[in-house]
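J.: Before I ask anything, here is the structure I am working with.
The values are calculated or read from the model by the stated rules, or taken from the named source; none is laboratory data. Not measured: the values here are computed from a predicted model. We place every Cβ from the backbone using ideal geometry, glycine too, and count neighbours over all the protein chains shown. Ligands, DNA and RNA are stripped out before the accessible areas are found, and what is left, the full protein with its side chains, is counted by its heavy atoms. Shrake-Rupley method; radii C 1.70, N 1.55, O 1.52, S 1.80 Å.
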Amino acid sequence: MTKAPLYLLAGIAANLSAQEAKRWNIVHIMSDDHSYQAISAYGHALSRQARTDNIDRLAEQGTLFRRAYVENSLSTPSRACLMTGLYSHQNGQRRLDEGIDSTITFVSEMLQTAGYETAIMGKWHMRCEPKGFDQYHILEDQGEYYRPRFRSPESGVKYIPEEGYVTDLITDHAIQFLEQRDKSRPFALFVHHKAPHRNWMPPTRFLDLYEDVEFPLPATFYDRYETRGNAAHAQEMSIEKNMKLHYDLKTDVRRGEQNHLGRMTEEQKKKWWDTVAPRNEAFEKQNPTGDELVRWKFQRYIRDYMRCIHAIDEQVGRLLDYLEKNGLMDNTLIVYTSDQGFYMGEHGWFDKRFMYEESFRTPLIVYAPDARRARESQALVQNIDFAPTYLDIAGIEKPQEMVGRSLLPVLQKGKQPKDWRKYIYYHYYDFPAVHHVSRHDGVSDGRYKLIHFYGPEGTYDELYDLRKDPNELNNVISEDKYRGHRERLQKQLVAFRAEQNVDEW
């Protein structure tokens, strides 16, 4: 494909309009594996018992997107989409172990050249150097929950451990950047949290939180995939079969020291074992089996996950408080999102990867300074839209090659523009790999979804009517009454592949 033209950078400053002084600041907050089910503004049964009051503050004053999706439900490809505004096959980051094409111009470089002071704090997780950032403080690989290692321009290639909990430290560094920035320039700050990535390690101050809460089992928890193809049966992301007691659920003291507690201080370890060891002893004494064991695994998983979310929500509140106290809410666009969705027991699963709604769909809440009334949007939006949005805010013309669209028309008009997209494209490539999810691509119009699975485990299609079957339990690909929708979506899928030069399906 043709890369974003490098000459664009040289011309950005000259192309800025007279409204340059009014350009908004940008704060992009992104968590890792944060499901929309776990944000109380979305009204899901799970989050009613574990509220996210600070994230909800953004929804109350901004726009909550009900149909926000990713292009490839996987961490590093999602981050590449953010930085480039391109699909995975265009930016080179199809899989976790494939490197992004770093010759492509990143949105951070364009913002920087246009006069923005830029920074990224937290998870980077791409196989290239952070480009276009005046400041960065990034985690090593996936990062650690306790005493995490960071590197910065000052430390060079060396990662230096820092005392504390990762979500708190990332917020510390974000606020430090805001304190020390050049106040005469607009800024773009990317705050990328590690949490709640597996294995869901909460801060010790929240180890007791939700312990007495019985979270509801999803309606599809005992799904047996009767109408679906091989991929749903062959996956290795089952709470029952693939969630590990010692690693994910922290039931083994010896392995715990090695796998997830080794970075704690002695004080933190003591707090951990004083709290968790009695629970582990009760579990061993109870010795649950069968369905009782599966339900126990679900509850421990969700409690730890929601404890991690509570820590994120707390720190989002801390960051919002800083912005409010320093008079920055009137000229700062604030985004809260995740790198993709996540399964909270739906279909009996954890993790992501599939084009089914829980992993395909991602939370997205946007606060815009001139949109103070609370509202929701049903517009089909995708993570390839972030880069064009930020360029639009900065007064920079979007490169022709950038396939995403600016969200500003949706935010400013409060409704979906007439010329907004009617379909979105998805493509997952990471097979063979952990969790054993087959390669697939597909297209959705928000109500009907066509998924094409391909590869060594078989080639076949699935079709879902999301209005009648929101849980995607009934694959209607063979039903005559859906023939017209099947053919329409198939035609659109072929068109996407041709228009975007997709070379694999």
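J.: Looking at the range 324-349 only, could you name the residues that are buried (at least 19 other Cβ atoms within 10 Å of the Cβ) and more than 12 Å from H28 (Cα to Cα)?
T.: Passing the criteria: Q340, G341, F342, Y343, M344, G345, E346, H347, G348, W349.
Here's the yes/no breakdown for (1) out of contact with any strand residue (DSSP E or B) (no Cβ under 7 Å at 6 or more places or on another chain); (2) closer than 22 Å to S47 by Cβ; (3) of a type in the set (F, W, Y):
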| position | (1), (2), (3) |
| --- | --- |
| D313 | yes, yes, no |
| H347 | yes, yes, no |
| M355 | no, no, no |
| I365 | no, yes, no |
| A368 | no, no, no |
| V381 | no, yes, no |
| D392 | yes, no, no |
| L408 | yes, no, no |
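J.: Kindly check whether there is at least one residue in the range 474-494 that is among the β-branched types (V, I, T), touching a helix residue (DSSP H, G or I) at 6+ places or on another chain (Cβ under 8 Å) and assigned to a loop (DSSP other than H, G, I, E, B).
T.: yes
J.: Another question, then. When you scan the range 116-154, how many residues do you find that are within 20 Å of G85 (Cα to Cα) and part of a loop (DSSP other than H, G, I, E, B)?
T.: 12
J.: Has the range 297-307 got at least one residue that is closer than 24 Å to G143 by Cβ, under 25 Å from the mean Cα position of the chain (by Cα) and at pLDDT below 95?
T.: no
J.: Test R375 against the stated conditions and say whether it is over 30 Å from Q235 (Cβ atoms), among the charged types (D, E, K, R) and either surrounded by fewer than 19 Cβ atoms within 10 Å (Cβ to Cβ) or at pLDDT below 95 (or both).
T.: yes
J.: Follow-up. I need a count of the residues in the range 185-224 that are in contact with a Gly (Cβ under 7 Å, 6 or more places away or on another chain) and either small (G, A, S) or free of Cβ contacts under 8 Å to residues at least 60 places away in the same chain (or both).
T.: Total satisfying the criteria: 0.
J.: Out of R447, R488, R483, R439, which single residue is under 19 Å from Q340 (Cβ atoms), at pLDDT 95 or above and open to solvent by 50 Å² or more (accessible area, probe 1.4 Å)?
T.: So the residue among R447, R488, R483, R439 that is under 19 Å from Q340 (Cβ atoms), at pLDDT 95 or above and open to solvent by 50 Å² or more (accessible area, probe 1.4 Å) is R439.
J.: Can you pull out every residue in the range 351-364 that is over 20 Å from A80 (Cα atoms) and not charged (D, E, K, R)?
T.: Of everything in the range 351-364, just one residue is over 20 Å from A80 (Cα atoms) and not charged (D, E, K, R), namely Y356.
J.: Taking interchain pairs and intrachain pairs at least six residues apart, which have beta carbon atoms under 9 angstrom, with the first residue in the range 465-476 and under 11 Å from K449 (Cα atoms) and the second surrounded by 15 or more Cβ atoms within 10 Å (Cβ to Cβ) and of a type in the set (G, A, S)?
T.: From residues that are under 11 Å from K449 (Cα atoms), the pairs are L466/S444; L466/G446; N475/G229.
J.: Right, here's the next one. What number of residues in the range 410-428 are out of contact with any strand residue (DSSP E or B) (no Cβ under 6 Å at 6 or more places or on another chain) and either within 28 Å of D351 (Cα to Cα) or open to solvent by 10 Å² or more (accessible area, probe 1.4 Å) (or both)?
T.: 9
J.: Give the residues of the range 4-44 that are open to solvent by 10 Å² or more (accessible area, probe 1.4 Å), aliphatic (A, V, I, L, M), at pLDDT below 95 and not in a loop (DSSP other than H, G, I, E, B), sorted by residue number.
T.: Passing the criteria: L8, L9, A10, A13, A14, A18, A21.
J.: Follow-up. Show the residue pairs that are 6+ apart or on different chains and have beta-carbon atoms under 6 Å apart, the first residue being within the range 136-159 and in contact (Cβ under 8 Å) with a residue 60 or more places away in the chain and over 20 Å from F177 (Cα atoms), the second being assigned to a strand (DSSP E or B) and open to solvent by 30 Å² or more (accessible area, probe 1.4 Å).
T.: R147/P161
J.: Determine if the range 181-191 includes at least one residue that is in a loop (DSSP other than H, G, I, E, B), under 20 Å from S31 (Cα atoms) and either open to solvent by less than 30 Å² (accessible area, probe 1.4 Å) or modelled with pLDDT under 95 (or both).
T.: No, every residue in the range 181-191 fails to be in a loop (DSSP other than H, G, I, E, B), under 20 Å from S31 (Cα atoms) and either open to solvent by less than 30 Å² (accessible area, probe 1.4 Å) or modelled with pLDDT under 95 (or both).
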